[in-house]
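These notes are about the structure you will find just below.
The values are calculated or read from the model by the stated rules, or taken from the named source; none is laboratory data. Nothing here was measured: the structure is a model prediction, and the numbers come from that model. Note: ideal-geometry Cβ built from the backbone for every residue, glycine included; neighbour counts use all protein chains shown.
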Amino acid sequence: MDYDFSFFLLLASVVTGIIWGGYLLILRSKNLTFDEKNEPIIVEYARSFFPVVLVVLLLRSFIAEPFRIPSGSMMPTLLVGDFILVNKFTYGIRLPVINKKIIEMGAPERGDIVVFRYPKDPTVDYIKRIVGLPGDKIMYSNKQLTVNGIPVKEVSMGRYQGLGQGEDMTGAEEFLEDLTGVEHSILIRNGAPSVEFVHVVPEGSYFAMGDNRDNSNDSRYWGYVPEANLVGKAFFIWMSWDWQAKGVDFNRIGTVLK
């Protein structure tokens, strides 16, 4: 069990619910009427916080959860300081804290931007793009991605100009990559070392890579993403804040991710 924010939300919901509900049961057993003026301070706090905490828990667990992008591994799609929303039900409904799937919904598709628990440390959340589905043969050679024997189409968009905390990527070449129908930008830095491989993705797992191909710790280095580690699909930027650039970037707010 991971003692993350969801755990503490669940704990707070249980504790405040027990305090409030227990107080009402005591009143009922004594045939007393609820009166806010005579309400103990701890019950007052529990009554106030319980519905709020419960609603936040339900929203984060089953609808959408906010995340902040801490690194440049998904540039230029996602920048350091982007605040995103992740759809929590696209890949199935899971119970909070224990992460057990209780309702099957859908499965990741090539090109999806997903948040998942890092296989080597499940307490850490990662965000990458799915490039390989179960059974896919993935090859990466000379910085060219190949899926099931077909090279992924790339069209050069010229040199990239980075801003703020992403300024060190200035000069990298930007490509428009067509990942079997899903177009998105990637960055490649010529001359940077790169790993080469051929993998067949096992059942129940996915192959994930960052769009910043030469600056991403992804499946090329630590292996596959188990289905059980999936958190959800990133779909929306609701805030972008990078003090090294210009503070709030209003142009990125409202961006639908693809």
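Tabulated data
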| read-out | value |
| --- | --- |
| Test: residue in region 215-236 that is under 24 Å from V124 (Cβ atoms), among the acidic types (D, E), surrounded by 18 or more Cβ atoms within 10 Å (Cβ to Cβ) and in contact with a Lys or Arg (Cβ under 7 Å, 6 or more places away or on another chain) | yes |
| G81 being surrounded by 13 or more Cβ atoms within 10 Å (Cβ to Cβ), farther than 30 Å from D214 by Cα and not aliphatic (A, V, I, L, M) | no |
| Residue within region 231-239 that is outside any strand (DSSP E or B) and out of contact with any Phe, Trp or Tyr (no Cβ under 7 Å at 6 or more places or on another chain) present | no |
| Hits in region 139-158 (condition: basic (K, R) and not in a loop (DSSP other than H, G, I, E, B)) | K153 |
| Qualifying residue in region 125-136 (condition: assigned by TED's automatic domain parsing to the domain that holds W238, within 22 Å of the chain's Cα centre (by Cα), among the aromatic types (F, W, Y) and closer than 18 Å to V256 by Cβ) | no |
| Number of the condition not met by G191 [criteria: (1) at pLDDT 95 or above; (2) over 25 Å from the mean Cα position of the chain (by Cα)] | (1) |
| Tally, over region 159-199, of residues that are in contact with a Lys or Arg (Cβ under 6 Å, 6 or more places away or on another chain), part of a strand (DSSP E or B) and either buried (at least 18 other Cβ atoms within 10 Å of the Cβ) or small (G, A, S) (or both) | 3 |
